[in-house]
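Quick notes on the structure that follows.
The values are calculated or read from the model by the stated rules, or taken from the named source; none is laboratory data. These figures come from a predicted structure and were not determined experimentally. Reconstructed Cβ throughout: ideal geometry from the backbone, glycine too, with neighbour counts over all protein chains shown. Calculation scope for accessible area: heavy atoms of the full protein, side chains included, ligands and nucleic acids excluded. Shrake-Rupley method; radii C 1.70, N 1.55, O 1.52, S 1.80 Å.
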Amino acid sequence: MPSAPPSNKTKIIFIGAAIVLIAALYYGWQFGNETAPPPAVEKVAEPKKSEVQPLAPKATDLANMPPATQLTTAEEGDVLIDEILRSDKEIPQMARDLHELVKKLNGEAQVNASRHLVNLTGDEDYGLIAGFLVDDKMNPDVIEVLFSDLMNRDRALQLPLFMNILKNPKHPQNEEVRNVLTILAGDDFGTDFTAWDKWASDELKTLQEQ
């Protein structure tokens with residue numbers, strides 16, 4: 001005699017048991033293969049951009065650069081001189097920039113700038129130098145550089161400046177100029193500036209005729 005088919009209740013129990021078994025197997029497999037998440041990478045903040053100002057003003061700012069109120073180091077001066085010399089400007093403009101720089105600097109930096117100034121200044125632009133040269137309050141070391149350069153210039157350019165210095169007993173080169181003029185004139189007129197002026201005028205006239 002064939003056995004009776006399972007009742008609906010028995011089927012439900014089997015189906016429920018199968019679902020539980022399948023769920024248990026799935027979660028067991030899931031947890032067995034689960035790996036720990038990678039450690040979080042700490043984000044490093046980007047460094048702020050430097051806001052440090054340049055060591056020295058640019059040559060283009062020279063017109064607004066006030067005279068140095070404390071000693072300018074040679075290194076600081078070299079930064080500004082180098083910027084002028086490396087620019088794409090024509091030589092006469094470089095000379096004008098160096099003229100402005102000499103006015104702003106002091107100490108050894110000013111002397112170095114004056115050396116470059118005389119090297120780049122032609123006779124036609126000598127006004128860039130003349131004002132410094134005849135100023136008895138100018139840095140004596142700068143005046144020495146400028147005077148040494150003047151000694152190698154054209155005689156017609158020299159004489160008016162020699163006469164200016166000769167008439168200023170406070171000028172550091174006063175005595176040297178008098179010695180030079182005494183040799184050129186073949187006579188020492190002392191403080192007789194009328195005699196000196198006459199000689200200088202005659203000398204300039206002779207140079208122009210030549």
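Any idea which of (1) within 30 Å of Asp78 (Cβ to Cβ); (2) open to solvent by less than 50 Å² (accessible area, probe 1.4 Å); (3) small (Gly, Ala, Ser) is the one Ala185 doesn't satisfy?
Failing condition for Ala185: (1).
Any idea which of (1) surrounded by 12 or more Cβ atoms within 10 Å (Cβ to Cβ); (2) without any contact (Cβ under 8 Å) to a residue 12 or more places away in the chain; (3) in the same structural domain as Ile84 (by the TED database) is the one Leu120 doesn't satisfy?
The single condition Leu120 does not satisfy is (2).
Within the range 153-169, how many residues turn out to be open to solvent by less than 30 Å² (accessible area, probe 1.4 Å) and either among the aromatic types (Phe, Trp, Tyr) or touching a Phe, Trp or Tyr at 6+ places or on another chain (Cβ under 9 Å) (or both)?
5
Within the range 131-144, is even one residue under 20 Å from Leu85 (Cβ atoms), open to solvent by less than 30 Å² (accessible area, probe 1.4 Å), touching a residue at least 12 places away in the same chain (Cβ under 8 Å) and in contact with a helix residue (DSSP H, G or I) (Cβ under 8 Å, 6 or more places away or on another chain)? Even if it seems obvious, please write down each step before you answer.
Of the residues in the range 131-144, the ones under 20 Å from Leu85 (Cβ atoms) are 132, 142.
Pick out the ones that are also open to solvent by less than 30 Å² (accessible area, probe 1.4 Å) and you get 132, 142.
Narrowing the set further to residues that are touching a residue at least 12 places away in the same chain (Cβ under 8 Å) leaves 132, 142.
Next, from what is left, pick out any that are in contact with a helix residue (DSSP H, G or I) (Cβ under 8 Å, 6 or more places away or on another chain): 132, 142.
Among the residues of the range 131-144, at least one is under 20 Å from Leu85 (Cβ atoms), open to solvent by less than 30 Å² (accessible area, probe 1.4 Å), touching a residue at least 12 places away in the same chain (Cβ under 8 Å) and in contact with a helix residue (DSSP H, G or I) (Cβ under 8 Å, 6 or more places away or on another chain), which makes the answer yes.
Evaluate the following for Leu80: is it outside any helix (DSSP H, G or I), farther than 30 Å from Ala156 by Cα and hydrophobic (A, V, I, L, M, F, W, C)?
So Leu80 fails the test.
So is Glu108 over 27 Å from Ser201 (Cα atoms), open to solvent by 20 Å² or more (accessible area, probe 1.4 Å) and in a helix (DSSP H, G or I) or not? Spell out how you get there, then give the answer.
Details: over 27 Å from Ser201 (Cα atoms): yes; open to solvent by 20 Å² or more (accessible area, probe 1.4 Å): yes; in a helix (DSSP H, G or I): yes.
Considered against the rule, which asks whether it is over 27 Å from Ser201 (Cα atoms), open to solvent by 20 Å² or more (accessible area, probe 1.4 Å) and in a helix (DSSP H, G or I), Glu108 comes out as yes.
So Glu176 fits all but one of (1) part of a helix (DSSP H, G or I); (2) touching a helix residue (DSSP H, G or I) at 6+ places or on another chain (Cβ under 9 Å); (3) open to solvent by less than 70 Å² (accessible area, probe 1.4 Å); what number is the exception?
Tallying (1) part of a helix (DSSP H, G or I); (2) touching a helix residue (DSSP H, G or I) at 6+ places or on another chain (Cβ under 9 Å); (3) open to solvent by less than 70 Å² (accessible area, probe 1.4 Å), Glu176 fails exactly one: (3).
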